[in-house]
Amino acid sequence: MKHPECTQQKLTVNFLILGADHVGKSALAVRFITRRFIGEYGDIETVYTHNVAVDGTEICFNIWDSLYPQNSEVTAHPSEQQMRWADGFVVVYSICDRASFEVARGQVAWLRGSAGGRGGGGGGRPAVLVGNKRDLSHRRAVSAEEGKVLAAGVAGCAFLEVSAAEAHHGALLAFHRLLALVRQSRAASRRAAGLRGIVRSVSAAFGGRRRRVE
Ligand SMILES: Nc1nc2c(ncn2[C@@H]2O[C@H](COP(=O)(O)OP(=O)(O)OP(=O)(O)O)[C@@H](O)[C@H]2O)c(=O)[nH]1
Ligand SMILES: [Mg+2]
């Protein structure tokens with residue numbers, strides 16, 4: 001999928017929003033991009049592009065606002081196309097909808113490959129688990145501790161509770177936390193690639209010398 005608005009000089013990140021239906025996936029994406037909460041978003045699946053300057057770097061956020069299949073009896077997982085595309089995942093549930101937390105649990109486990117060996121598509125890519133609708137705490141069905149524990153069991157998974165309805169900063173924090181994790185993970189991959197290069201050169205040098213000695 002091409003994003004013509006993104007130029008090559010920018011750092012581009014592709015974020016896939018996952019989670020059960022009606023948890024506020026679209027509300028969070030729209031809040032982050034427009035700062036607004038408009039109430040109803042309809043059943044649309046779309047990729048938003050949002051450019052912003054962060055610490056002097058132009059960041060191009062591509063945000064795929066997915067749809068969760070209605071009446072799904074088992075936890076639905078991202079498609080192969082979505083998995084190839086995404087650098088990181090925002091997994092959303094509603095703090096007043098226990099079933100949505102179970103969907104999030106299944107998706108997080110699948111991303112990490114721990115769901116009975118069936119998953120693993122996430123390949124260690126970063127994720128943020130978001131408990132949305134915090135303004136509805138009188139109807140809370142999932143404690144903050146449960147969210148924390150779920151995220152803590154997975155390397156590279158952050159957690160936060162937010163209210164897309166109440167304020168802009170929760171959505172801002174969620175997407176920027178994921179950006180930070182993706183940047184860290186890219187830096188770690190670059191370091192690992194550099195190290196592999198050094199190891200290859202050193203072993204080539206020693207291998208060559210050993211051959212000469214033999
Ligand atoms: N009270 C409250 N309502 C919210 C919040 N976020 C979203 N909603 C409402 O929850 C409903 C679903 O929001 P959406 O953003 O459409 O949820 P979604 O996950 O994109 O839903 P689908 O795309 O249909 O799966 C809407 O009526 C929103 O107004 C929130 O933080 N608090
Ligand atoms: Mg939606």
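Only the coordinates and a few stated rules stand behind these numbers; no lab work does. Note that the structure is a prediction, hence the values are computed from the model and not measured. We place every Cβ from the backbone using ideal geometry, glycine too, and count neighbours over all the protein chains shown.
Quick look at the values:
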quantity	calculated
Under 20 Å between alpha carbons - lysine pairs in the chain that sit 8 or more apart or on different chains	4
Net charge over other residues, Cβ less than 11 angstrom from the Cβ of Ala99 (K, R count +1; D, E count -1)	-1
Around Leu136: net Lys/Arg minus Asp/Glu count, Cβ-Cβ under 14 Å	+1
Stokes-Einstein translational diffusion, the range 11-178 - Kirkwood Rh over all Cα pairs, 1.002 mPa s, 20 °C, in µm²/s	136 µm²/s
Computed log₁₀ I(q)/I(0) - Debye formula, equal Cα scatterers, no solvent, the range 143-214, q 0.13, 0.17, 0.25 Å⁻¹	-0.60, -0.78, -1.09
Local electrostatic count, Asp43, Cβ distance below 15 Å [Lys/Arg +1, Asp/Glu -1]	-3
The range 1-92: GluC sites (Glu not before Pro) in DSSP loop, at most 13 other beta carbons within 10 Å	Glu5, Glu40, Glu45, Glu73
